Every structure is written in structure tokens, then in C-alpha cells.
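*Asks:* One structure coming up, written as C-alpha cells, with questions to follow.
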Amino acid sequence: MKRILIILTLAIAATAWQACIPRYTLNGASIDYNVYKTISFGEFPIRAALVYPPLQSMFENRMTDMIAQQTRLRVIDGNNADLRMEGEITKYQLSPQAVGEDAYASQTRLTITVKIKYINNKNQSLSKDLSFSAYRDFSSSELLVDVQDELCNQICKDLSDLIFNATLGDW
């Protein structure tokens, strides 16, 4: 009898211990996949004064890839998705940052700003209009054409992270 009581106590303790283990997702997404199954993206045209043509596809591809890799949402075309993101690239700007003793800039900053409209077709109260900026500095001794692709890739990654966290991550 004592043996059965010990086994029963251990079984209850093991069950209770298992129930108390927290579950975490490492991608930061807070999506109810029972409600949300699809997402679509509109184009993100460049509306900035200074235009770097590959930036639009670079940004759109980065966003689509991130959603595909970090969520179970299916990316579809059209406006009938459960979630939709659309917007525009509003700023592509170079500005001097650090001035050397010769009065010339030793660092230049490339800043990209994106306005985004996040549309939640299942719950309109969760829809948002947001703006995000990210930048990278580079040495003024380098030509922009030599570092532009790498800088834009890094900035697009930063922007995608910010947008993901503010919309699907619900931070």
C-alpha cells in the first residue's frame, strides 16, 4: 500500500511539473494560426528624392523571405489575405556625420525610411499605419557605389526586423 502511494505521488508530481514548463517561440511571432493563415504584400514603390532602383525589390524580397522563414503564414497575391502589408519607401538619404579636422566629413550616413500600412482583415482594430527608419554609416573615403548594395541589404534586414516586431511580433 505504501509503495502504491509513493508511485501515485511521484506520478502526480511529474504531471504537475510537466504542466508548469513554460513554452517559448524563438521567432518573436505572436500569431494565432487558427485565425491567421495567409498574408499578402503590396509593392513598396520608392517615393524618395534620391532613388536607388534595386532597393524596392531588395526590400520586398527581404520582407517576404522573413515572413516565410519565421512564421507559418502562407504568402499569397491579392487583397484577400488575412493580413496585408503595403507601403512606400519615403526616404533614401545621405548625410555627413563625423567631421574631421580638415572640415570634411569622415563618416557618411545612409538612412532609409519606409512607411507601412499593416492591414488585419480579421480584426480591423489591430491594423496600423507605421513608419520605420534604419541607417548605416560608412567611411567618406569610400564611394557610395562601392558599398551601396551591402549597406542597403543590412538596412533592409534591420527594417524587416523592426516591421516584423511591430506587426506580427506585436511588440
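*Asks:* Could you tell me what percent of the accessible area of segment 23-171 is made up of carbon and sulfur, with a 1.4 Å probe and every protein chain present? Working shown, then result.
*Replies:* Numbers: 4100 of 8630 Å².
Answer for segment 23-171 is 48 percent, counting heavy atoms of protein chains only.
*Asks:* Return, for the Cα atoms of segment 49-138, the radius of gyration and Dmax in Å, separated by a comma.
*Replies:* 17.4, 58
*Asks:* What does the accessible area per residue of segment 106-171 come to in Å², with a 1.4 Å probe and no ligands, DNA or RNA counted?
*Replies:* Each residue of segment 106-171 exposes 51 Å² on average to a 1.4 Å probe.
*Asks:* For Lys157, give me every one of the lysines with a C-alpha distance below 26 angstrom, ignoring sequence neighbours fewer than eight places off in its own chain.
*Replies:* By straight Cα distance, Lys157 reaches Lys37, Lys91, Lys115, Lys117, Lys128.
The values are calculated or read from the model by the stated rules, or taken from the named source; none is laboratory data. Being a predicted model, the structure only gives us computed values, none of them experimental. All accessible areas refer to the heavy atoms of the entire protein, side chains included, with ligands and DNA or RNA removed. Shrake-Rupley method; radii C 1.70, N 1.55, O 1.52, S 1.80 Å.
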